[in-house]
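*Asks:* Please find one structure pasted underneath; my questions will follow.
The values are calculated or read from the model by the stated rules, or taken from the named source; none is laboratory data. Since the structure is predicted, the reported quantities are computational estimates derived from the model, not experimental observations. Methodologically, a virtual Cβ is constructed for each residue, glycine included, from the backbone with ideal geometry; neighbour enumeration extends over all protein chains shown. Side chains included, ligands, DNA and RNA excluded: accessible areas come from the protein's heavy atoms. Shrake-Rupley method; radii C 1.70, N 1.55, O 1.52, S 1.80 Å.
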Amino acid sequence: MATIFKYAMRRYLGQILGWGLALGLIALYLMVIYKPMITQQAELQGLLDAYGETMMAFFGGSADFLSPAGYLDFTFFSYIPVVAGIFAVLMGAGLLAADEEKGTLDLILAYPVSRAAIYWGRCLAFCAATTAILASTWVGFAVGLPLAGWEVSAFALLLPHLSLLVILLAYGALALLLSMVLPSRAVAASVAGGLLVLSYMVNSLARVSERLEALDRLSPLRYYQGGRALSGLDGLPLLGLLIISAGLAALAWWRFERRDIRVSGEGSWNRLWS
């Protein structure tokens, strides 16, 4: 399994560097511009008043926009689950299905290596790659922390990233399971991505409409804490999401152990029940 893990990490190196560098630079930029924004506080407050409380609530805005938690939530952590979720969904759906559709997975399995080793080795690589990307983002915030002048520790800045990591692992595990039961990687990624966007919309609309409160309880993003985690992480709901993610991964493994591997190409809808 260690060999599978190392090989998979080499494959993910481009994604780690690309996503990590891009998000890290965005994080650093947001910290750099914080102090210049404070000097224009009156103009900003007027702009936020023009948006209105409802619009601000939809986008996760805080009443205290220029506080560290409110600033991070509005400028980064309110939308990053969807942006970074693209990576998680695509990588989860293609963890095994991509090689299967290219016709290389059956060749790999011809070697004296178990399906369990391939599956869990790649799962660990996916978790490590996702963690590395978010670590790069955290470094960007931590490097820019002295420039922002916040009385916030680098460890506190790590907490919102832990909340985000749990969300990404959950949707990655969902996409992986779907890739084991749906005809192709593209279909699995589309369904998982659609559920991610739907969850984001329900969670956002629930802030402005109490009628969606019951539906929002089923949304994983309800338990995402974002910039609010600066004041402390509520670990219980995140632990619940981790357990659900592990369950989805276990179901995907069970399915992978028992399904026939395609020689190449996409499957058919009949394979959903096979």
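*Asks:* Might you tell me the accessible area per residue for the chain, computed with a 1.4 Å probe and given in Å²?
*Replies:* Working: 13490 Å² over 274 residues.
Solvent-accessible surface per residue comes out at 49 Å².
*Asks:* For the range 93-185, what's the relative contact order in percent, using C-alpha pairs closer than 8 Å and at least 6 residues apart?
*Replies:* The value is 51 percent.
*Asks:* Taking springs between alpha-carbon atoms closer than 10 angstrom, which of PRO36, PRO81, PRO183 fluctuates most in the Gaussian network model of the chain?
*Replies:* The residue with the greatest mean-square fluctuation here is PRO36.
*Asks:* Also: If one takes the longest principal axis of the Cα atoms in the chain, at what angle in degrees, from 0 to 90 and to the nearest 10, does the Cα axis of helix 115-148 lie?
*Replies:* So the helix axis and the longest Cα principal axis differ by about 20 degrees.
*Asks:* Using the Cα centre of the chain as the reference point, and only Cβ charges (+1 on K/R, -1 on D/E), how large is the resulting charge dipole? Debye, rounded to the nearest 20. List each step's numbers first, then the result.
*Replies:* Values: 18 positive and 17 negative charges, 199 e Å.
In debye, rounded to 20, the chain gives about 960.
*Asks:* Roughly speaking, to the nearest percent, how much of the chain's 1.4 Å accessible area is carbon and sulfur?
*Replies:* Carbon and sulfur: 68 percent of the exposed surface of the chain.
*Asks:* Convert 25 °C to kelvin, take the viscosity as 0.890 mPa s, use the Kirkwood radius over C-alpha pairs of the range 131-274 as Rh, and evaluate the Stokes-Einstein diffusion coefficient in µm²/s, rounded to a whole number. It would help to have the intermediate numbers written out before the result.
*Replies:* Values: Rh = 17.4 Å.
D = 141 µm²/s.
*Asks:* Same structure, new question: Dipole magnitude of the range 114-216 about its Cα centre, charges +1 at Lys/Arg Cβ and -1 at Asp/Glu Cβ only, in debye to the nearest 20?
*Replies:* With only Lys, Arg, Asp and Glu charged at Cβ, the dipole is about 460 debye.
*Asks:* Let's test the formula: R0 of 30 Å, r as the Cβ-Cβ distance of LEU205 and ILE244. What FRET efficiency results, to the nearest 0.05? Each step should come with its number before you reach the end.
*Replies:* Values: r = 23 Å, r/R0 = 0.77.
After rounding to 0.05, the efficiency reads 0.85.
*Asks:* State the extension gain, in nm to one decimal, for the chain segment bounded by LEU107 and VAL82, taking 0.36 nm per residue of separation less the distance between their alpha-carbons.
*Replies:* Result for the pair: 5.5 nm of gain on full extension.
*Asks:* For LEU251 and THR39, what does the FRET efficiency come to when R0 = 45 Å and r is the distance between their Cβ atoms, rounded to the nearest 0.05?
*Replies:* Values: r = 53 Å, r/R0 = 1.18.
Computed FRET efficiency for LEU251 and THR39 comes out at 0.25.
*Asks:* Towards the positive end of the charge dipole of the chain, with charges on Cβ (+1 Lys, Arg; -1 Asp, Glu), say which of TRP120, PRO146, VAL82 has the farthest Cα.
*Replies:* Going by the Cα projections, it comes out as TRP120.
*Asks:* Let me ask something else about it. To the nearest 10 degrees, how steep is helix 185-206 against the longest Cα principal axis of the chain, on a 0 to 90 scale?
*Replies:* It is inclined by approximately 30 degrees.
*Asks:* So, one more: Which value in deg cm²/dmol, rounded to the nearest 500, describes the helix-derived mean residue ellipticity at 222 nm for the chain, given -39,500 (n - 2.57) per DSSP H run of n ≥ 4 and division by the residue count?
*Replies:* Using -39500 (n - 2.57) per qualifying helix, the result is -23500 deg cm²/dmol.
*Asks:* Further question: Report, in degrees rounded to the nearest 10, the 0 to 90 angle that the Cα long axis of helix 80-102 makes with the longest principal axis of the chain.
*Replies:* With both axes taken from Cα atoms, the answer is about 10 degrees.
*Asks:* Continuing with this model, one more query. Could you state, as a whole-number percent, how many of the C-alpha pairs of the range 69-115 are farther apart than 13 Å?
*Replies:* Details: 735 of 1081 pairs.
When all Cα pairs of the range 69-115 are counted, 68 percent exceed 13 Å.
*Asks:* Using Rg/Rh (Cα atoms, Kirkwood Rh) as the read-out, say which of [x] 1.02; [y] 0.94; [z] 0.97 was calculated from these coordinates.
*Replies:* Among [x] 1.02; [y] 0.94; [z] 0.97, the one derived from this structure is [x].
*Asks:* In the chain, if the dipole is taken from +1 on Lys/Arg beta carbons and -1 on Asp/Glu beta carbons about the Cα centre, which of GLY94, TYR29, VAL197 is farthest to the positive end?
*Replies:* Towards the positive end, the residue furthest out is GLY94.
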